[in-house]
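The values are calculated or read from the model by the stated rules, or taken from the named source; none is laboratory data. Only a predicted model underlies this, so the values are computations on that prediction, with no experimental measurement involved. In this analysis, Cβ positions are derived from the backbone assuming ideal geometry, glycine residues included, and neighbour counts consider all displayed protein chains. For accessibility, only protein heavy atoms count, side chains too; no ligands or nucleic acids. Shrake-Rupley method; radii C 1.70, N 1.55, O 1.52, S 1.80 Å.
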Amino acid sequence: MDRPTPTVSDLVRTAVEAVDPEGSDEGVARFYAALEDDDRPVTGVDNLEEHLAMVEDSVDHDVSDPGVTLVVAVVLFLASRGGSADYDRDPDELIRLAVRSQWHGNPPEEVRDWLEGGG
């Protein structure tokens, strides 16, 4: 049975739930709010990485937010796998897989600090 193609908002929601399950990061909340109604199929966005970067810049124009950077990495990881990944719904595993995919296991220092600090 074919699964429907996930939307941008579907992947962003999954990423936000994994990265900031408590909903305590304001930057992540703003990023999610900017994309929560983006119902385009993820495969229909010409350059998803560029689109996400533009949204990231618009919600966090003064400072790079490591939580948002990590959400973007998770979205791109999921999108590269058609919207799903084999991670048993474990958010920590999803984040590890995204970090490995996006930064070959070596994320930027601010993301690493954010992860070590528990978000």
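With respect to (1) of a type outside the set (G, A, S); (2) within 19 Å of T5 (Cβ to Cβ); (3) open to solvent by 80 Å² or more (accessible area, probe 1.4 Å), the lone exception for V74 is condition (3). When the range 18-50 is filtered for residues that are surrounded by fewer than 16 Cβ atoms within 10 Å (Cβ to Cβ) and within 19 Å of S80 (Cα to Cα), the ones remaining, listed by number, are D39, R40, P41, T43, G44, D46, N47, E49, E50.
Hey, does the range 5-19 have a residue that's modelled with pLDDT under 90 and part of a loop (DSSP other than H, G, I, E, B)? Before you say what the answer is, go through the steps one by one.
So in the range 5-19, the residues modelled with pLDDT under 90 come out as 5-6.
Now drop any that are not part of a loop (DSSP other than H, G, I, E, B), which leaves 5-6.
So far as the range 5-19 goes, yes, one or more of its residues are modelled with pLDDT under 90 and part of a loop (DSSP other than H, G, I, E, B).
Being modelled with pLDDT under 90, farther than 15 Å from V8 by Cα and either touching a strand residue (DSSP E or B) at 6+ places or on another chain (Cβ under 9 Å) or among the aliphatic types (A, V, I, L, M) (or both) is a property that A85 has. May I ask you to verify whether S24 is part of a loop (DSSP other than H, G, I, E, B) and within 19 Å of P107 (Cβ to Cβ)? No. Applying a threshold of 7 Å to beta carbon distances and a minimum spacing of six or more residues, or different chains, the list of pairs starting in the range 16-34 at a residue that is touching a residue at least 60 places away in the same chain (Cβ under 8 Å) and ending at one that is of a type in the set (G, A, S) and assigned to a helix (DSSP H, G or I) reads V19/G67; D20/G67; D25/G67.
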